[in-house]
Amino acid sequence: MAARLEIEGGVRLQGEVSASSAKNAALPALAASLLTAEPVVLENLPALADVTTIRQLLERLGAEFSELPGGGTRVQVSRLKSHEAPYELVSTMRASVLVLGPLLARTGVARVALPGGCAIGLRPIDQHLKGLTRLGADIEIENGFVQARSSRLKGCRITSDLVTVTGTENLMMAAALAEGTTVIENAAREPEVVDLAWLLQAMGARIDGAGTERIEIVGVPELGGCRHRILPDRIETGTLLVAGAITGGDVTVTNAVPRNLSALLAKLEEAGALLEVGEDRIRCQGPERPRPTDLITSPFPGFPTDMQAQMMALIGLADGLSRVTETIFENRFMHAAELCRMGARIEIDGATAIVRGVEHYEGAPVMATDLRASASLVLAGLAAKGRTGVSRVYHLDRGYERLEAKLQKLGAKIQRLP
């Protein structure tokens, strides 16, 4: 039977807690290990369901994993024993498509099932495929699989029709071993893209411009091993800060990178939170009652779509009306109906949610529909009167490392039950 979380709300959270490393940086870092026969050591790999899934996929492809005594996970793909990423693994996690570029670049052949993941929209991979075709790959879609072949990828100019994080990462990895220079225009600027560039540079890649909308990659004949520390998770950091704000608490998150959270921090202050920002820590003191604030999600450095649901839980308690506009995923308001079960007043009008603040939430049984929706329901439960049960928390475990344990450390009455 799937686990659920039981929360006794109304406790003001206080204390200090450390953010884990980023899921969305760990997954491409693991995929990048396919680019070399030498060992890649990743420090601070988070214990998450999605990390387990991609490890299983890499093992299927020929990777060997070992945990090092001083810390760190060693992954080595001395030789590839398969070129196929099967549906049963890819269907549970869209980021599995990140093996497509590295497999093609290293071996000239890849067969990857079309991806799955959260039910928050179509999230097509056409930009990945267009870019790889520009690099010289022959690509066919057959029986639910992407089949790609190339004798040697060749550098080119790629202009993405829209900003895509995994698309930028896939093309950056493929181009690292291509012949000549590749320029990616309209590239994603997310910190996780920059983290992957740092890893690839440590492996010997020649990359310039990561973190801007124009990335230039000069291909090299081969890449080597390296040691790399994965950056802290800005979405987990943000979720823990909202936990402090929504309970009127006083929470400090350490192992944080404040510059990666500027848009969120601005909105927390608009909502009435008091923030103290250090070099690697952020303190959030929650307001007695949040103020209304409008949100529009957009690619980095804009307000992150992965924090939209959590902030909706907060402004659902605001003294006034707020609007939340979702521009990234077309189906990312499914948490609104569950928040309404707890007393929230939210109306959906196309890509905008109109949130009329209520004085308090009431505890209720609710169901997680995706990763970030599950976090928003936990946050609402922390602030609610009475007991809240959140089911389907396997969504939560895909992207948060022992979230209930971190919240318990801050004083939350929360427990995991079968």
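Would you mention how many residues in segment 66-117 are surrounded by 15 or more Cβ atoms within 10 Å (Cβ to Cβ), in a helix (DSSP H, G or I) and of a type in the set (D, E, K, R)?
2
Please list, ordered by first then second residue, the pairs with beta carbon atoms under 8 Å, 6 or more apart or interchain, first in segment 290-315 and more than 24 Å from VAL358 (Cα to Cα), second of a type in the set (Lys, Arg) and surrounded by 24 or more Cβ atoms within 10 Å (Cβ to Cβ).
Sorted first by the residue in segment 290-315, then by its partner, the pairs are PRO304/ARG234.
Among the residues in segment 212-232, are any in a helix (DSSP H, G or I), crowded, with 21+ Cβ neighbours inside 10 Å and out of contact with any His (no Cβ under 6 Å at 6 or more places or on another chain)?
No, there is no match, as no residue in segment 212-232 is in a helix (DSSP H, G or I), crowded, with 21+ Cβ neighbours inside 10 Å and out of contact with any His (no Cβ under 6 Å at 6 or more places or on another chain).
Which residue pairs have Cβ atoms closer than 9 Å, lie 6 or more positions apart in sequence or on different chains, and pair a first residue in segment 220-233 that is within 18 Å of MET172 (Cα to Cα) and acidic (Asp, Glu) with a second residue that is assigned to a loop (DSSP other than H, G, I, E, B) and modelled with pLDDT of 95 or more?
Between residues of segment 220-233 that are within 18 Å of MET172 (Cα to Cα) and acidic (Asp, Glu) and residues that are assigned to a loop (DSSP other than H, G, I, E, B) and modelled with pLDDT of 95 or more, the close pairs are GLU222/THR36; GLU222/ALA37; GLU222/LEU177; GLU222/GLY204.
So for segment 391-409 (the condition being on the phi > 0 side of the Ramachandran plot and not hydroxyl-bearing (Ser, Thr, Tyr)), does at least one residue qualify?
Yes.
Return a yes/no flag: does segment 137-151 have any residue that is on the phi < 0 side of the Ramachandran plot, in a helix (DSSP H, G or I) and either modelled with pLDDT under 90 or basic (Lys, Arg) (or both).
no
Restricting the search to segment 46-60, which residues are surrounded by 16 or more Cβ atoms within 10 Å (Cβ to Cβ) and either over 19 Å from VAL90 (Cβ atoms) or of a type in the set (Phe, Trp, Tyr) (or both)?
Residue satisfying the conditions is PRO46 alone.
Being closer than 26 Å to THR239 by Cβ and crowded, with 20+ Cβ neighbours inside 10 Å is the requirement here; does ALA63 meet it?
no
Would a scan of segment 235-257 turn up a residue that is surrounded by fewer than 23 Cβ atoms within 10 Å (Cβ to Cβ), within 30 Å of LEU68 (Cα to Cα) and in contact with a Leu (Cβ under 7 Å, 6 or more places away or on another chain)?
Yes, the conditions are met somewhere in segment 235-257.
Considering only segment 193-204, I want to know if a residue exists there that is outside any helix (DSSP H, G or I), in contact with a Cys (Cβ under 6 Å, 6 or more places away or on another chain) and over 19 Å from LEU129 (Cβ atoms).
There is at least one residue in segment 193-204 that is outside any helix (DSSP H, G or I), in contact with a Cys (Cβ under 6 Å, 6 or more places away or on another chain) and over 19 Å from LEU129 (Cβ atoms).
Go through segment 350-379 and report how many residues are buried (at least 24 other Cβ atoms within 10 Å of the Cβ), out of contact with any strand residue (DSSP E or B) (no Cβ under 7 Å at 6 or more places or on another chain) and among the small types (Gly, Ala, Ser).
Counting residues in segment 350-379 that are buried (at least 24 other Cβ atoms within 10 Å of the Cβ), out of contact with any strand residue (DSSP E or B) (no Cβ under 7 Å at 6 or more places or on another chain) and among the small types (Gly, Ala, Ser) gives 3.
How many residues does segment 158-186 contain that are at pLDDT 95 or above, in contact with a helix residue (DSSP H, G or I) (Cβ under 8 Å, 6 or more places away or on another chain) and not in a helix (DSSP H, G or I)?
Residues flagged as at pLDDT 95 or above, in contact with a helix residue (DSSP H, G or I) (Cβ under 8 Å, 6 or more places away or on another chain) and not in a helix (DSSP H, G or I) within segment 158-186 amount to 5.
Quick check: anything in segment 55-62 assigned to a loop (DSSP other than H, G, I, E, B) and either more than 23 Å from GLY167 (Cβ to Cβ) or over 22 Å from the mean Cα position of the chain (by Cα) (or both)?
Among the residues of segment 55-62, at least one is assigned to a loop (DSSP other than H, G, I, E, B) and either more than 23 Å from GLY167 (Cβ to Cβ) or over 22 Å from the mean Cα position of the chain (by Cα) (or both), which makes the answer yes.
Inspect all residues belonging to segment 400-413 and state whether any of them is more than 21 Å from ALA22 (Cβ to Cβ) and in a strand (DSSP E or B).
For segment 400-413, residues more than 21 Å from ALA22 (Cβ to Cβ) and in a strand (DSSP E or B): present.
The values are calculated or read from the model by the stated rules, or taken from the named source; none is laboratory data. Please read these numbers as outputs of a predicted model, since none were measured by experiment. Counting neighbours? That spans all protein chains shown, and the Cβs are built from the backbone with ideal geometry, glycine included.
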